[in-house]
Amino acid sequence: MIAVLAAIALNASGAGQAGRAPAQSAGAAARDDKQAVAALQKLRVPLERDVQGRVRWIESINGEINDEAMRFLPGLPLLEWLEIGGGNVTAVGMSHLKKCPAMRRLYLHGVTLDDESLAFLSSMPRLEALSLQDDGITGRGLKYLKPGGRLTVLNLGGNRIVDGDLDRIAGLANLEVLVLQNTGITGAGLARLDGMARLNVLNVSNCPLVDDDLQHFATMPNLRIVHAAGCGFGQKATEEFIKAHPMLAIFR
């Protein structure tokens with residue numbers, strides 16, 4: 001089973017069981033389209049239901065979902081949690097997510113995407129958690145993340161994200177967890193996150209950072225946990241920084 005949401009900050013692979021309380025505002029009278037459910041079952045897509053038998057979650061971590069399956073997802077009006085690990089899903093398949101208004105948590109990892117295939121994100125105002133780990137995107141795809149939304153968790157690990165791309169991330173005012181591990185982010189990029197008021201957990205593992213870049217963590221007033229394995233932070237510099245900022249934990 002995939003790790004719980006908090007583990008996104010550690011190695012950010014996917015979804016899990018946490019946070020699966022039914023969304024009360026999704027519409028108690030909504031019902032699944034029987035033909036859509038039957039089609040997805042025929043394609044062996046794992047469907048998980050609430051106590052009333054309505055599909056709320058899909059965790060497809062073995063490549064079960066493809067473009068054909070994606071076109072049936074709008075027939076699940078209460079689908080709020082979708083994980084796709086691997087599989088052959090293109091921009092055509094992703095476009096069907098525009099018609100999934102209840103979606104709150106979306107995890108796409110190991111799926112080959114291009115930046116324009118993320119256009120559907122601009123039509124998902126309820127999205128709270130988004131993982132795009134190892135999907136081959138660049139920062140150009142971030143233009144579809146609209147400031148002022150509900151997004152609190154964002155995982156961009158393993159993608160071609162560079163310093164300038166963090167300007168757009170800095171505009172996500174509600175962001176609490178940010179994963180940038182295995183990207184090319186340097187201290188110049190961290191400087192663009194200065195002042196992010198709600199950011200609580202930051203993963204910059206295996207990013208090309210040096211001792212002088214520690215100072216940027218102090219400019220994020222609510223930051224409490226930094227995962228920095230594989231960075232260039234020396235032991236002495238890290239200990240001195242933590243001593244000066246005892247509310248902040250840095251894991252190397």
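Coordinate-derived values only; no laboratory data. Please read these numbers as outputs of a predicted model, since none were measured by experiment. Note that we place each Cβ from the backbone using ideal geometry, even for glycine, and neighbour counts take in every protein chain shown.
Points worth noting:
- The label-point distance for V92 and A244, in a model that sets each label 7 Å from Cα toward Cβ, rounds to 5.6 nm.
- The calculated FRET efficiency for the pair Q235 and R140, based on their C-beta separation and a Förster distance of 30 Å, comes to about 0.20.
- Charged side chains reduced to their Cβ positions (Lys and Arg at +1, Asp and Glu at -1) give segment 54-251 a dipole of some 780 debye around its Cα centre.
- Across the cross-link table entries K42/K143; K42/K146; K42/K99, which are compared at the Cα atoms, the separations over 32 Å belong to K42/K143; K42/K146.
- Our summary gives the chain a relative contact order of 11 percent, counting only alpha carbon pairs under 8 angstrom and 6 or more residues apart.
- Which of H227, A39, S95, positive extreme of dipole for the chain (C-beta unit charges): A39
- Straight-distance candidates among the aspartates and glutamates for linking to K98, with alpha-carbon spacing under 12 Å and chain neighbours fewer than 8 residues away dropped, are absent.
- E48-A119 pseudo-label distance in nm [points 7 Å out on the Cα-to-Cβ vector]: 3.2
- The chain: angle of helix 235-244 to the longest principal axis, Cα-based, in degrees nearest 10: 90
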